[in-house]
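Peer 1: Have a look at the structure that comes next, please.
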Amino acid sequence: MSKPTRTAYRHGDLPAALLAAGTELARRGGPEAVVLREATRRVGVSPNAAYRHFADHRALLRAVCAVAMSQLARSMEAEQAAVAPADPQRTALLRLRAVGAGYLRYAREQPGLFRTAFAAADELTDEHDACGDSGLTPLELLNAALDELVRVGLVTAERRRDAEMVAWSAVHGLSMLLLEGPLRGLDDAHADRVGRQLLDHVEAGLLASVPAGGPG
């Protein structure tokens, strides 16, 4: 018996359906699992139908990357939203820690999407799709939190320079060690403790520029 011929997609927004299928593939298997033919199979259309919206596998991967980046930003925003109001300096420190905590949490809760978020990040042309609810990307959220430390007098402008690269490298490095490296066997409690210690060190490195008798 011959296979039934696929008909035109009649169930709504085909690009959105393909993107949802690609995102689920990434969730389960990381960037290597984002295959255009498999996405079309899941949606129930022919590959030719998909090519009208995604020129190739890489185009779908870029779109899924943006979704993953957006979700990462929202994880960071959720941690910031949970910060209890305090004095401006304490609040600024807690919001910076929240950025790192949200990053680490997303990496551990969504390892496939976390890995996918960086698989084609350098090729994103519309960063709006990679933003959280605030309209900021993960890197912009980190930069905003660091800038706030300068504004409230906790960090000097000199110390602030390139601090986002150092902080990002530290948190991303730990994330990958927990996911794929020698720390992947740590239980949740141990991983949480290591994450807090890392954020302590990042904070201490930034505050090392505060003069004696300055903000405490």
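Peer 1: Just checking, how many residues over region 18-54 are closer than 18 Å to ASP122 by Cα and either open to solvent by 80 Å² or more (accessible area, probe 1.4 Å) or among the β-branched types (Val, Ile, Thr) (or both)?
Peer 2: Residues in region 18-54 being closer than 18 Å to ASP122 by Cα and either open to solvent by 80 Å² or more (accessible area, probe 1.4 Å) or among the β-branched types (Val, Ile, Thr) (or both): 2 in total.
Peer 1: Sticking with this structure for a sec: Filtering region 134-161 down to residues that are in contact (Cβ under 8 Å) with a residue 60 or more places away in the chain and part of a loop (DSSP other than H, G, I, E, B), which residue is nearest to LEU207 (Cα to Cα)?
Peer 2: For region 134-161, the residue satisfying everything is LEU154.
Peer 1: Moving to a separate point now. Just checking, how many residues over region 85-107 are of a type outside the set (A, V, I, L, M), farther than 20 Å from GLN197 by Cβ and open to solvent by less than 10 Å² (accessible area, probe 1.4 Å)?
Peer 2: 0
Peer 1: Do you know which residues across region 173-185 are farther than 11 Å from LEU198 by Cβ and within 15 Å of the chain's Cα centre (by Cα)?
Peer 2: Passing the criteria: MET176, LEU179.
Peer 1: Which condition does GLY153 not pass, out of (1) over 14 Å from the mean Cα position of the chain (by Cα); (2) buried (at least 16 other Cβ atoms within 10 Å of the Cβ), if it passes all the others?
Peer 2: The single condition GLY153 does not satisfy is (2).
Peer 1: Return only the number of the condition from (1) open to solvent by less than 40 Å² (accessible area, probe 1.4 Å); (2) in contact (Cβ under 8 Å) with a residue 60 or more places away in the chain that GLU164 does not satisfy.
Peer 2: Of the numbered conditions (1) open to solvent by less than 40 Å² (accessible area, probe 1.4 Å); (2) in contact (Cβ under 8 Å) with a residue 60 or more places away in the chain, the odd one out for GLU164 is (2).
Peer 1: Let me confirm something: among ALA63, ALA49, ALA86, ALA73, which residue is in a helix (DSSP H, G or I), closer than 30 Å to HIS201 by Cβ and out of contact with any strand residue (DSSP E or B) (no Cβ under 6 Å at 6 or more places or on another chain)? If you could, list the steps in order and put the result at the bottom.
Peer 2: Details: ALA63 fails: closer than 30 Å to HIS201 by Cβ; ALA49 fails: closer than 30 Å to HIS201 by Cβ; ALA86 fails: in a helix (DSSP H, G or I).
From the options ALA63, ALA49, ALA86, ALA73, the qualifying one is ALA73.
Peer 1: Among the listed residues ASP133, ASP122, ASP200, ASP147, identify the single one that is charged (D, E, K, R), at pLDDT below 95 and on the phi < 0 side of the Ramachandran plot.
Peer 2: Only one candidate passes the filter, namely ASP122.
Peer 1: Which condition breaks for ALA82 when tested against (1) modelled with pLDDT of 95 or more; (2) among the aliphatic types (A, V, I, L, M); (3) open to solvent by less than 10 Å² (accessible area, probe 1.4 Å)?
Peer 2: (3)
Peer 1: Got at least one residue in region 170-182 being open to solvent by 70 Å² or more (accessible area, probe 1.4 Å), modelled with pLDDT of 95 or more, in a loop (DSSP other than H, G, I, E, B) and not hydroxyl-bearing (Ser, Thr, Tyr)?
Peer 2: There is at least one residue in region 170-182 that is open to solvent by 70 Å² or more (accessible area, probe 1.4 Å), modelled with pLDDT of 95 or more, in a loop (DSSP other than H, G, I, E, B) and not hydroxyl-bearing (Ser, Thr, Tyr).
Peer 1: Out of the residues in region 197-212 that are in contact (Cβ under 8 Å) with a residue 40 or more places away in the chain and in a helix (DSSP H, G or I), which is farthest from MET76 (Cα to Cα)?
Peer 2: LEU207
Peer 1: Answer with yes or no whether ALA189 is farther than 19 Å from ALA121 by Cβ and part of a helix (DSSP H, G or I).
Peer 2: Yes, satisfied.
The values are calculated or read from the model by the stated rules, or taken from the named source; none is laboratory data. The structure displayed is predicted, hence computed values, not measured ones. So basically every Cβ, Gly included, is an ideal-geometry build from the backbone, and we count neighbours across all protein chains shown. We work out accessible area using only protein heavy atoms, side chains counted, and drop any ligands, DNA or RNA first. Shrake-Rupley method; radii C 1.70, N 1.55, O 1.52, S 1.80 Å.
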